[in-house]
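Below is one structure; the comments refer to it alone.
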Amino acid sequence: MLKIWGRANSINVQKVLWCCGELNLEYERIDAGLQFGVNTTPEYKAMNPNALVPTIEDDGMVLWESQAIVRYLARKHGLGTLCPSDPNACADADRWMDWNATTVWLNLRPIFWNLVRTPQEKRDMALVNDSRNKLAANMAILDAHLANRKYVIGDAFTMGDIPLGTAVQRWFNLPIERENFRNLEAYYQRLQGRSAFKQCVDVLPLS
Ligand SMILES: N[C@@H](CCC(=O)N[C@@H](CS)C(=O)NCC(=O)O)C(=O)O
């Protein structure tokens, strides 16, 4: 059976759990990271030398990097649905996944880290404010893009929605100022209608 190492509150683990839920895959999840440890053991580092979560093992295939895992599972079990078979549609989904990893996450991470994981007196609020403004600019792009489509590549839900969906959930639940992005709000509500998103990602409080 597919094995997933990683604590359930990690945004990167959540991408993989949500993907498995969309594909109705059975899996065994082993808690790892932060208070659970495991990820710093020699055995774990032999699988993932970064000592980060998630890592998966599937029929002898060991894989780390959450978005590579989402792509792998979507291609293996959801070709034509979660992973579009049309190369243009697939590239479109890839584009939004990469944009999340290379752009959105860089702005979201400092906000999350300071407001959720750092005691109030030690927070770098200048960094939080700057990152929030940059994240709001990213969310404005997504909001405009969603004006005439239900999901990031069109009217069908694909792997392209998974990483961004986890970021959008944080945007709406972090204690920050938010612009009134109506298309983005409708998108978040649409995601909330998906049971795997509700179970694996839309879990509060953020921790
Ligand atoms: N680029 C990696 C990043 C993985 C990552 O940073 N994981 C964090 C959790 S979100 C982690 O393992 N932190 C250490 C810990 O939980 O102990 C991915 O997408 O999988």
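Evaluate E = 1/(1 + (r/R0)^6) for Ala126 and Asp86, where r is the Cβ-Cβ distance and R0 equals 35 Å; express this FRET efficiency to the nearest 0.05.
0.20
Within a 10 angstrom radius of the beta carbon, how do Ile30, Ile111 rank from fewest other beta carbons to most?
In order of increasing Cβ crowding within 10 Å: Ile30, Ile111.
Counting residues in segment 2-77 as N, plug N into 2.2 N^0.38 Å and put the Cα Rg over that result.
Rounded to two decimals, the normalised Rg is 0.99.
Using Stokes-Einstein with the Kirkwood hydrodynamic radius over Cα pairs, what translational diffusion coefficient do you get for segment 87-200 at 4 °C and a viscosity of 1.567 mPa s, in µm²/s rounded to a whole number?
Answer from the Stokes-Einstein relation: 88 µm²/s.
In nm, give the distance between the simple-model label positions of Lys45 and Ala68, each being 7 Å from the Cα along the Cα-to-Cβ direction.
Between Lys45 and Ala68, the label points sit 1.9 nm apart.
I need the peptides 143-150, 155-162 ranked by packing, meaning the mean over residues of other C-beta atoms within 10 angstrom, with the highest value on top.
155-162, 143-150
Please compute the modelled spin-label separation between Asp98 and Ser195, points set 7 Å along Cα→Cβ, answer in nm with one decimal.
In this crude label model, Ser195 to Asp98 measures out at 3.5 nm.
Looking at the chain only, what percent of DSSP beta bridges run antiparallel? Nearest 5 please.
Within the chain, antiparallel bridges account for around 60 percent of the total.
On average, how much area does the Cα convex hull of segment 1-152 cover when viewed from any direction, in nm²?
With every direction weighted equally, the projected area is 10.6 nm².
Can you give the convex hull volume of the alpha carbon atoms of segment 87-140 per residue, in Å³?
Spelled out: Cα convex hull of segment 87-140, divided by residues, is 68 Å³.
Quick check on the exposure proxy: order Met1, Met97 from fewest to most C-beta atoms within 10 angstrom.
Met1, Met97
Coordinate-derived values only; no laboratory data. Just so it is clear, the structure is predicted and the values come from calculations on it, not from any experiment. Neighbour counts are summed over all protein chains in view; Cβ atoms, including those assigned to glycine, are modelled from backbone coordinates with ideal geometry.
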